[in-house]
Each structure stands twice: as C-alpha cells, then as structure tokens.
1. For segment 1-43, what are the residues that are of a type in the set (Val, Ile, Thr), in contact with a strand residue (DSSP E or B) (Cβ under 7 Å, 6 or more places away or on another chain) and either surrounded by fewer than 24 Cβ atoms within 10 Å (Cβ to Cβ) or farther than 17 Å from LEU64 by Cβ (or both)?
2. Conditions: (1) charged (D, E, K, R); (2) at pLDDT 95 or above; (3) more than 17 Å from PRO181 (Cβ to Cβ). ARG215 meets all but one. Number of the miss?
3. Answer yes if at least one residue in segment 133-156 is buried (at least 24 other Cβ atoms within 10 Å of the Cβ), of a type in the set (D, E, K, R) and out of contact with any Lys or Arg (no Cβ under 9 Å at 6 or more places or on another chain), and no otherwise.
4. Return only the number of the condition from (1) touching a residue at least 24 places away in the same chain (Cβ under 8 Å); (2) of a type outside the set (S, T, N, Q); (3) crowded, with 18+ Cβ neighbours inside 10 Å that LEU56 does not satisfy.
5. Just for segment 155-192: of the residues that are acidic (Asp, Glu) and farther than 16 Å from PRO129 by Cα, which one is modelled with the lowest pLDDT?
6. Filtering segment 111-132 down to residues that are farther than 13 Å from THR9 by Cβ and within 18 Å of the chain's Cα centre (by Cα), which residue is surrounded by the fewest Cβ atoms within 10 Å (Cβ to Cβ)?
7. Give me the strands (runs of 3 or more DSSP E) completely within segment 1-60, filtered to those with at least 1 residues that are among the basic types (Lys, Arg), ordered by residue number.
8. Any residue in segment 112-125 that's in contact (Cβ under 8 Å) with a residue 40 or more places away in the chain: show its pairings with residues that are of a type in the set (S, T, N, Q) and assigned to a helix (DSSP H, G or I) at Cβ separation under 9 Å, as long as the two are six or more apart or on different chains.
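The values are calculated or read from the model by the stated rules, or taken from the named source; none is laboratory data. Predicted model only: the values in this text are computed from it and were never measured. Cβ placement follows ideal geometry from the backbone for every residue including glycine, while neighbour counts extend to all protein chains displayed.
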Amino acid sequence: MSQLRVFITGASSGIGEALAVYYAGRGAVLGLAARRRPVLEALAERLGGGHACYPLDVSDAPALHAAATDFLARFGAPDIVVASAGVSAGTLTECEEDLEAFRRIMDINVFGMAATFAPFIPAMEKAGPGGRLVGIASVAGIRGLPGAEAYSASKAAAITYLESLRLEMRPRGIKVVTIAPGYIESPMTAVNPYPMPFLLPADEAARRFARAIERGTSYTVIPWQMGFVAKVLRLMPNWLYDRLFVGAPRKPRGLLK
C-alpha cells in the first residue's frame, strides 16, 4: 500500500493539529497549512520531519494555489484534503464595529474552505476514485445561536456548500465528507465562558473524525450525543426553539479564535 498523502489547513492547533498528529502516527506524509510559521514548523519537526509546511492564510487563494502546486509536485495528488481552518467570535449585527469580524469569519470559514479544495480537485480526479475532501463544519450551523450570527451563518453555509460539492464530486469519484463537531477541546472553545456538554478531547475527536473520513461518510456529527441533539434541534418548531435559546450564553465579542 502506498504512503497516505494528507493536506490539512488549520494544522497548527485544535482539530487540525490533532488530525496531523493522528495521520503522522500512521505514516502519512502531510502538507501542513496555517498562519503561524514557527508553530507550524515546530509541529512538523515534532511529527518526525519529511512533511511540507505552508505558512498562509486560507482567505488568500493564490497562496493556497501555490501551496497545492508545491504539494502536488513533491508528493502527488493527496488522498485526503482537510479544510479545518476556522475562526469564531461573538458578533452582534447592531454593533457596526463587528462587521469586520463578520467578513473575516465568512472569508476563513466559507471562502477559505472552497479555496483549499479548488486547486486539488483536478489532480485528485485524475488520480482515480477514492480521494476525500473533508470540511469541518459545526453543530453551530444547525440552528442560529444568539450572539453568534457570523459563526452560525458561516457554518450553515459550509454545510450547504459541502452538500453541493458532494453532488458535483460524486461522478468524479471523489467523496466529500462533512464533519460537524460539537464541543472539542481547542483554543476556540477555551474562551467559552459557559458549560460545554459532551466536550471531547482533541485527540479522541481526531480518531473519530478519521474513522468517518475512511468510511467516506457524507455527513456526521461528532460526538454522537451532539448528533442526537442536532436532530432534535432540526425538528424543533421556531416558537419552541426561540423560547429555549433566546437566553443562551454568548461567546465573548471581539475574540477571533
């Protein structure tokens, strides 16, 4: 069996880092993309070397194209591309100073996902069936959460985008996997000033994500308990949802994590 080739954005922390550790432990060669060069290079060294580091912002499509071109030249078409880069912040529409955070969240969480996949698709299609495009969404995209207009909107958009992409890729032999995590231990959740039910350690989350990726699962919520909650929320009428969640705790404003 040939060596697994995996490209991961948001690889310097949280879910992205946990997936990098998981796949490196199984002998994969990695393309690691994130904004913080020193952290990224330290991770690559910790994982044993031989991996490619790409310090970049996923909202920069030309930088992602250049990274993909380099990865393809060095290792060939990836077996798995994981769009894990994401940011979150509490936002309020009436606060005009939050509009820049709105734009930034949408640029990274939605546009950045498409920009990650785009340069790899032709090579993955040419390589033959079996490739995986993996988008990390969130249960926050199932229903809108108060004080998180931008984040909920971005993750809802990501879920729908990935569904459209799945239909486009199916005839080409490329599977699209949508993973909607609940609460995962990461810098993003560390700032939440409220209880987080079913909080999952990042390494355990990575193992569960990898199983879903290997199976080519079209859509999954992890952990399964949050999947049950998500199904209930989808079916809940607006009047009841509003009554239950209008007073839900908010993520602090002004923190892009």
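1. So in segment 1-43, the residues of a type in the set (Val, Ile, Thr) come out as 6, 8-9, 15, 21, 29, 39.
Checking which are in contact with a strand residue (DSSP E or B) (Cβ under 7 Å, 6 or more places away or on another chain) leaves us with 6, 8-9, 15, 29.
Passing the criteria: ILE15, VAL29.
2. Only one criterion is unmet by ARG215, namely (3).
3. Yes, segment 133-156 contains a residue that is buried (at least 24 other Cβ atoms within 10 Å of the Cβ), of a type in the set (D, E, K, R) and out of contact with any Lys or Arg (no Cβ under 9 Å at 6 or more places or on another chain).
4. LEU56 satisfies every listed condition except (1).
5. Of all residues in segment 155-192, those acidic (Asp, Glu) come to 163, 168, 185.
Now narrow it down to the ones that are farther than 16 Å from PRO129 by Cα: 163, 185.
Numbers: GLU163: 98, GLU185: 80.
In this case the residue turns out to be GLU185.
6. Top of the filtered list is ILE121.
7. It comes to 5-9.
8. Within 9 Å, the pairs are PRO119/THR69.
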